[in-house]
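Before we start, here is the structure in question, set down as structure tokens.
The values are calculated or read from the model by the stated rules, or taken from the named source; none is laboratory data. Keep in mind that what you see is a predicted model, and the values were worked out from it rather than measured. Every residue, glycine among them, receives a Cβ derived from its backbone with ideal geometry; neighbour counts consider all protein chains shown. With ligands, DNA and RNA removed, areas are computed over all heavy atoms of the protein, side chains included. Shrake-Rupley method; radii C 1.70, N 1.55, O 1.52, S 1.80 Å.
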Amino acid sequence: MVNLFSTLPLLSLFSLTLALALSHASTVSQGETNPVPSPLRLRALSQASLSQEDSLRSHLQKRQDQDQYQSIANEDETDPVKAATDVQNLEGIPGVTDGSTRTDLQITKGEGNTAQLEKHSTVPWVASPDTGGDPTYGWTALPEMEGFQLNRTWEVQQGMIMPFYITDNYRPGQDNSAIKRAIISFPGKPRDSWKYGNLFRNALAVINANETYGISSNQVLVISPAWMNHNDSAAGAVRDGELYWHGSQWMKGGNSRNPGLTDSISTFSVLDNFTDWLFLSGEFPNLNQVVIAGHSMGGQATQRYALIKKQKSYDPNMKYWIGNPGSFAWLTEDRPYPNATCSEPDDWHYGIGNYSSVVKYARNDIKAGKQEVIDRYRSRKVHYAFGLLDNGKGDTHCQAVMQGGNHLDRGSRFIMMLGGMDGGFPIGTQTVDFIPGVSHQDYPMMCADESLEKLFLLDFNTKFPSLTDVSNPGDTIKPKKKKLPGGKKTFDTPEHERVAYSLLGGSLLLVAVFFTALPFLFSPNFDRFETHSWETESKRKLL
Ligand SMILES: *[C@@H]1O[C@H](CO)[C@@H](O)[C@H](O)[C@H]1NC(C)=O
Ligand SMILES: *[C@@H]1O[C@H](CO)[C@@H](O)[C@H](O)[C@H]1NC(C)=O
Ligand SMILES: *[C@@H]1O[C@H](CO)[C@@H](O)[C@H](O)[C@H]1NC(C)=O
Ligand SMILES: *[C@@H]1O[C@H](CO)[C@@H](O)[C@H](O)[C@H]1NC(C)=O
Ligand SMILES: *[C@@H]1O[C@H](CO)[C@@H](O)[C@H](O)[C@H]1NC(C)=O
Ligand SMILES: *[C@@H]1O[C@H](CO)[C@@H](O)[C@H](O)[C@H]1NC(C)=O
């Protein structure tokens, strides 16, 4: 009896987990872009095979494996390409899409996002807040978070508000001269920006707690922009005037999708807005470094931003921390695992071989100067971090599988690709950390010693001189005129349009239509999107 009762809750927990895992698996097979594996699903899979596996592997074998991982970790600083090549010699990595994760070797069990790492157990932990809704059907609200302000008033462009979390050591309108560094974090695929802001804050607490670093919590800002999408808008998290994107397009620099606005803005332009504000507004006179950081889909976003980000005077003071990305924007045309039947493997966001596929933000830069963009990326301070147990397959699209079967495979192959380019691996500007004992785990990745160093310590008190050349390869290309259905071109301004139509105006009908429209164009409620709808409407009538 006692046994039965004590197993009941376990049984129901098990069936719940199974149901969740199954429902997730079916969402994935319906073709939703899903570059990140569901932790639930991975866990269900790995637990099933774990007990067998455990009994098969002797303790000796386990020790040998740990030594092998450690030797890779030891050489990654001086010879990242050798370390990456050694990763390719690990069992179950090259080309493997269905390996089971070595949970027996994990330093932290589970996702690792709910408690301080054991080795820092004296450092207090702050739990992430909960909110309503879910990542598939949308979040119903952005939760408030202890230690952060949720700023929902920043208009980055007329009528477009970008919501974000910022640690409350930022004091609007007051003295912010203590601030020396800012971390701008990306969320993972679930767009749970509060969770990631909170995890970086907990990692920062580890640095603050150790007096040898001499870094106090009021010297570092953690900013977490809330990139939301259609589903969040439908579910209620997006307020009037707040920006949102489509699906996961925030990750690749896609443009916002708010209906009714003629203008839309790339997530990467909004990031430029943040870094301009931090470096150029004068509010942070002692700011030295800004770090863009993300794990998993956030790591993907960070890598793409580091690649195509517009040149700015403060670029020498920008760093990028990329943890376990699901895929990369590859820099060369060839791939480690060629697949002739896979379509457009070098299109954005998997590569830069086809400029028309690149997001508007950088299309002209790739068109006019792909090599310059590559060289610029290699000169940027990019810090890669890969969990040596992260053999999760993540993105299962053929374009991703051509880069590698799993996260670690892709990561090590990307490093080898960098090593194979002219000039070899950019050892002066970029670093690689292969982290033993960690799988696809957000917090254990961020809080590994190697990561803490890049995120918080490196160049803490250093400010590098600004760049004077802030041009981009595509700057000289004039923006293309928008085309309307039917191939007609729109005009840059209503004035251009008026002139064009006047010139065309042999037809009395055209002139008549135009003058009829004047009151709408100059109505007291004039604004850009009314103009746009008017243009579209009137064009349609004229065609
Ligand atoms: C999420 O939004 C997309 C785009 O609007 C839509 O196609 C999809 O059905 C939504 N998903 C859910 C689960 O509502
Ligand atoms: C944000 O970026 C856009 C696009 O570059 C620009 O038009 C806008 O002025 C910027 N806003 C702020 C507040 O910097
Ligand atoms: C919100 O953010 C903007 C720009 O980042 C800043 O100027 C403003 O003071 C912030 N508002 C509050 C209430 O923190
Ligand atoms: C503090 O940092 C130093 C240098 O990294 C390290 O050797 C020491 O173990 C740390 N102390 C604690 C209590 O973690
Ligand atoms: C190659 O790509 C096609 C098209 O997506 C896919 O069906 C096939 O499984 C891929 N082959 C391999 C070996 O990954
Ligand atoms: C390049 O990208 C465009 C836009 O996405 C697409 O229509 C075209 O098919 C692509 N071309 C190739 C060769 O991949």
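Find the accessible area per residue for region 269-373; the probe is 1.4 Å, ligands and nucleic acids are left out, and the unit is Å².
Heavy-atom SASA per residue in region 269-373 reads 30 Å².
If you don't mind, another one. Report the label-to-label distance for residue 332 and residue 78 in nanometres (one decimal), using points 7 Å from each Cα along the Cα→Cβ vector.
2.6 nm
Sum up the charges of everything whose Cβ sits under 12 Å from the Cβ of residue 224, counting Lys and Arg as +1 and Asp and Glu as -1, but leave residue 224 out.
That sum, taken over residues with Cβ under 12 Å, equals +2.
Give me the aspartates and glutamates in straight-line cross-link reach of residue 463: C-alpha distance below 13 Å, same-chain residues under 8 apart excluded.
The reachable aspartates and glutamates, counting only those whose Cα sits under 13 Å from residue 463, are 315.
On to the next question. How large, in percent, is the carbon and sulfur part of the accessible surface of region 152-194 at a probe radius of 1.4 Å?
Percent of accessible area from carbon and sulfur atoms in region 152-194: 45.
So if I take the centroid of the Cα atoms in region 180-197 and the same for region 136-164, what is the distance between those two points in Å?
Distance between centres, Cα-based: 12 Å.
Using the Cα gyration tensor of region 116-200, with a ≥ b ≥ c the square roots of its eigenvalues, what is the shape: rounded (a/c below 1.5), prolate (a/b larger than b/c) or oblate (neither)?
Oblate, since a/c reaches 1.5 and b/c is not below a/b.
Would you work out what percent of the accessible area of region 279-379, with all protein chains in place, is carbon or sulfur (probe 1.4 Å)?
Of the solvent-accessible surface of region 279-379, carbon and sulfur hold 46 percent.
Skip the ligands, DNA and RNA, and give the accessible area per residue of region 184-235 with a 1.4 Å probe, whole Å².
Ligands and nucleic acids excluded, the result is 27 Å² per residue.
Shifting gears a bit: Please report, in debye to the nearest 20, how large the charge dipole of region 161-245 is about its Cα centre when each Lys and Arg carries +1 at its beta carbon and each Asp and Glu carries -1 there.
In debye, rounded to 20, region 161-245 gives about 180.
Still on this structure, I have one more. Using the Karplus curve 6.51 cos²θ - 1.76 cosθ + 1.60 with θ = phi - 60°, what ³J(HN,Hα) values do you get for each residue of region 121-135, in whole Hz, with x for Gly and Pro?
For region 121-135, the Karplus-derived couplings read 5, 7, 7, x, 10, 10, 6, 6, x, 9, 9, x, x, 8, x Hz, x marking Gly and Pro.
So, one more: With the dipole of region 381-481 worked out from charges on the C-beta (+1 for Lys and Arg, -1 for Asp and Glu) around the Cα centre, which of 455, 406, 477 lies farthest toward the positive end?
Of 455, 406, 477, it is 477.
Short version: what are the Cα gyration tensor semi-axes of region 270-399, square root of 5 times each eigenvalue, largest first, in whole Å?
Taking √(5λ) for each Cα gyration eigenvalue gives 28, 19, 11 Å.
Once the piece of chain linking residue 357 and residue 174 is laid out straight, how much longer is it, given 0.36 nm per residue of separation minus the C-alpha distance between them?
Difference between extended and current length: 61.5 nm.
On to the next question. When a/c is below 1.5 the answer is rounded, else prolate if a/b is larger than b/c, else oblate, so apply that to region 341-408 with a ≥ b ≥ c taken from the square roots of the Cα gyration tensor eigenvalues.
oblate
Now, a different point. Please say if region 305-364 is rounded, prolate or oblate, where rounded means a/c under 1.5 for a ≥ b ≥ c the square roots of the C-alpha gyration tensor eigenvalues, and otherwise the choice is prolate for a/b larger than b/c and oblate otherwise?
Judged from the Cα gyration tensor, region 305-364 comes out oblate (a/c at least 1.5, b/c at or above a/b).
Within region 56-109, report the trypsin sites (Lys or Arg not before Pro) that DSSP leaves as loop and that have at most 16 other Cβ atoms within 10 Å.
Listed in order of number, the matching sites are 57, 109.
Just by accessible area at a 1.4 angstrom probe, what is the order of 410, 376 from largest to smallest?
Sorted by accessible area, descending: 376, 410.
Follow-up. Report ³J(HN,Hα) in whole Hz for each residue of region 351-358, in order, from the Karplus equation J = 6.51 cos²θ - 1.76 cosθ + 1.60 where θ = phi - 60°; Gly and Pro get x.
x, 10, x, 9, 4, 5, 8, 6
Mind giving me the nanometre distance, one decimal, between the label points for residue 276 and residue 460, set 7 Å out from Cα along Cα→Cβ?
3.2 nm
Scan around residue 292 for amide H atoms under 5 Å from its own, H built in the peptide plane at 1.01 Å from N, and keep only partners 5 or more places away or cross-chain.
Placed amide hydrogens put 184, 319, 320, 321 under 5 Å from residue 292.
Any idea what the dipole of region 78-141 comes to, in debye rounded to 20, about its Cα centre with Lys/Arg Cβ at +1 and Asp/Glu Cβ at -1?
With Lys and Arg at +1 and Asp and Glu at -1, about 160 debye.
Take the alpha-carbon centre of region 316-340, take the same for region 242-294, and report the distance between them in whole Å.
21 Å
Can you list the residues, at least 5 places off or on another chain, whose amide H is less than 5 Å from the amide H of residue 387, using H built in the peptide plane?
324, 435
Each residue of region 310-315 in order: what ³J(HN,Hα) in whole Hz does its phi give by Karplus 6.51 cos²θ - 1.76 cosθ + 1.60, θ = phi - 60°, with x for Gly and Pro?
Those phi angles translate into 4, 5, 9, 4, 8, 3 Hz.
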